Amino acid sequence: MKEACGVVGIVAPGRDVSHLCYDALYALQHRGQESAGMATFQNEQITVVKDNGLVSHVFADTTLRALAGSFVIGHTRYSTSGSANWTAAQPVFRSAGRSGFALGHNGNLTNTFELADKAGIQVTSMLSDSDLVAELLAREVENGHSLSEALSLVLSIAEGAFSMVVLEANAVHAVRDPYGFRPLCLGLLGTPEEPEGWIVASESPALDVVGATFIREIAPGEMVTITTSGVTSVQLLEPASDKQKLCIFEFVYFARPDTYLMGHQVHTTRRRMGELLASQSHVPADIVMGVPDSGVPAAEGYAKASGIPFGYGLVKNRYIGRTFIAPDQNKRAASVRRKLNPLRENIEGQRLIVVDDSIVRGTTTQALVKMLRDAGAKEVHLRISSPPFMWPCYFGIDTPTRDDLLAANHSLSEMNEFIGSDTLEFITLENLRSAIQLDGECCDACLTGNYPAPTPVALGASRGRW
Ligand code: SF4
């Protein structure tokens, strides 16, 4: 599975906003490594810089110094919809209105075809669902609406997941879909007595890195508008239900461990997942190890609860960007080896409990188990800190169709045999929910098939990419 974008928006008169945005995007690099971009407003003009590659590759110091002004939005991208080439990198720009506007989007719309049809737009002429939203907004602005009005008109007919930042002349808007699928939070630069500006970002560590204070999360359906006068808020869209539907995989896998989501630190919830996983069954073993990164805190929790010592068994190469598409098993094994290397002395002759966050196709896990056995592991007992992944995601995560989801088509023992582990066990849905302590406030559709929002195609059919 791949994350699907990080967004940032900052308004801070007198501060070097492009460098602040750079640091915030750098903290969100894990949410998208395909491309990065930034848009600033100054002298009645919006300037956009974006390209394929990591944040540090796209922005040189000279580029950042040229991106002056008090207003900025930024984006890191992994494409779940549309083209992966640089033209689809974000922010997306349209020239409609006083100085035009630029938009960055984390999420995935589920009714892009209907939206395009209704507006008489050839969907194939759009670079992505975000490009389509920008086009629809531009039309409303050209019809005489303000950008805020345009956002209300367009997003009220958009379905799916969106945490969006939009830059226009002298303002940054940040809006979240009525379910709150993807995270978005607000922070203050400076102090309440002497405020220096405001920041919105996908995850709270992006606030920490620029020295901002976390204020609160943007509510489902809410739009905040930041100007040099401060922050205003409107409930742009009616919340979809009385309970939020934050993606449960933000806790399991996507978000950084130091991120706070709905008041819970992700690292702590991952440890609890491991503790509860250990309570489900007992298998004798010599060492509990986690698959970096998100499997590690869960492994620590497992070790604590089981009394089996925690140890490190895999070293991760931290400098891997977008991994290559690995269509066959040999290439997939090569891409696992590129990313992870076993600590042979910790593994040889040992009975291992290996904690990982999820199994999607199963082929990567299969390659991992083989690598551990080749390194001399005596037994490999796989423990997974999410329940079986049975249904595709339509809300901003890149997952295969049902046909390719291992758990959708195989029993537990068939999966164990396919992967090559000695034993295999998944955390139960009840235990996952209880680890997160937000019962009913998370989307878990890929585990249950209970989609909280309309999906674009009949369940089980293709994802409807274009
Ligand atoms: S379907 Fe799964 S991955 Fe997608 S938003 Fe819901 S919980 Fe997250």
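Taken together, the values in this text are just the output of simple stated rules run on the coordinates, not laboratory data. Quick caveat: nothing in here was measured; it's all calculated off a predicted structure. Virtual Cβ from ideal backbone geometry, glycine too; neighbours counted across all protein chains shown.
Rounded to the nearest 5, what is the percent of antiparallel bridges among the DSSP beta bridges in segment 258-440?
Close to 25 percent.
Sorting 371, 262, 289 on the 10 Å Cβ count, fewest up front, what's the list?
262, 371, 289
With +1 assigned to the C-beta of every Lys and Arg and -1 to the C-beta of every Asp and Glu, and no other charges, what is the dipole magnitude of the chain about the Cα centre in debye, to the nearest 20?
Here the size comes out at about 1080 debye.
Pull out a ≥ b ≥ c, the square roots of the eigenvalues of the alpha-carbon gyration tensor of segment 258-440, then state rounded if a/c is under 1.5, prolate if not and a/b is larger than b/c, and oblate in the remaining case.
rounded
For segment 6-240, report the % of Cα-Cα distances exceeding 27 Å.
25
With runs of 4+ DSSP H residues as the only contributors, calculate the mean residue ellipticity of the chain at 222 nm using -39,500 (n - 2.57) per run, divided by the residue total and rounded to the nearest 500.
When only DSSP H runs of four or more count, the value is -8000 deg cm²/dmol.
If the label point is 7 Å along Cα→Cβ of residue 450, which residues in segment 160-199 have backbone nitrogen under 18 Å from it?
179-181
Placing unit charges on C-beta atoms (Lys and Arg positive, Asp and Glu negative, everything else neutral), compute the dipole magnitude of segment 258-440 about its Cα centre in debye, rounded to 20.
Its charge dipole is roughly 540 debye.
On C-alpha positions alone, give me the angle between the axis of helix 329-339 and the longest principal axis of the chain, in degrees, nearest 10.
70
For 17, 209, what ranking results if the residue with the fewest other Cβ atoms within 10 Å of its Cβ goes first?
209, 17
With the crude spin-label approximation of a point 7 Å out along Cα→Cβ, what separation in nm comes out for residue 437 versus residue 403?
About 4.4 nm, to one decimal.
Give me the distance in nm between label points sitting 7 Å out from Cα along the Cα-to-Cβ direction at residue 229 and residue 68, one decimal.
For residue 229 paired with residue 68, the spin-label model returns 2.6 nm.
Need the full-extension length gain, residue 61 to residue 95, defined as separation in residues times 0.36 nm minus the C-alpha distance. One decimal, nm.
9.6 nm
For 7, 141, what ranking results if the residue with the fewest other Cβ atoms within 10 Å of its Cβ goes first?
In order of increasing Cβ crowding within 10 Å: 141, 7.
Ranked highest first by the average count of other Cβ atoms within 10 Å around their residues, in what order do 110-116, 33-39 fall?
33-39, 110-116
Past 30 Å, Cα to Cα, is the threshold; run 245/339; 304/339; 243/316 against it and keep the listed order.
Exceeds cut-off: 245/339; 243/316.
FRET efficiency for residue 304 and residue 343, Cβ-Cβ distance as r, R0 = 22 Å, nearest 0.05?
Taking R0 as 22 Å, the efficiency between residue 304 and residue 343 is 0.60.
Mind listing the long-range amide H neighbours of residue 259? Cut-off is under 5 Å, sequence gap 5 or more, other chains count too, H placed in the peptide plane at 1.01 Å from N.
Correct list: 266, 267.
Quick check: the angle from helix 363-374's long axis to the longest principal axis of the chain, C-alpha only, nearest 10 degrees?
Helix 363-374 sits at roughly 40 degrees to that axis.
Using alpha carbons only, what's the Rg to Rh ratio of the chain with Rh from Kirkwood?
0.98
Taking the Cα centre of segment 1-116 as origin, sum charge times position over the Cβ atoms of Lys and Arg (+1) and Asp and Glu (-1), and report the length of that vector in debye to the nearest 20.
Charge dipole, segment 1-116, about its Cα centre: 100 debye, nearest 20.
Testing the spin-label approximation: label points 7 Å from Cα along Cα→Cβ at residue 169 and residue 213. State their distance in nm.
Distance between label points: 3.4 nm.
Got a sec? Charge dipole of segment 258-440, +1 on Cβ for Lys and Arg, -1 for Asp and Glu; which of 303, 440, 341 is way out at the positive end?
Most positive-ward Cα: 341.
Near the amide H of residue 310, under 5 Å away, which other amide H atoms are found, from residues 5 or more places off or on another chain, if H is placed in the peptide plane?
288
For the charge dipole of segment 210-315, defined by +1 on Lys and Arg C-beta atoms and -1 on Asp and Glu C-beta atoms about the Cα centroid, which residue among 280, 265, 241 has the Cα displaced farthest towards the positive pole?
280
Compute the length gained on full extension between residue 44 and residue 16: take 0.36 nm times their separation in residues and subtract their Cα-Cα distance, giving the result in nm to one decimal.
Computed gain between residue 44 and residue 16 is 8.3 nm.
Using DSSP to call loops (not H, G, I, E or B), can you name the trypsin sites (Lys or Arg not before Pro) in segment 31-113 whose Cβ has at most 14 other Cβ atoms within 10 angstrom?
98
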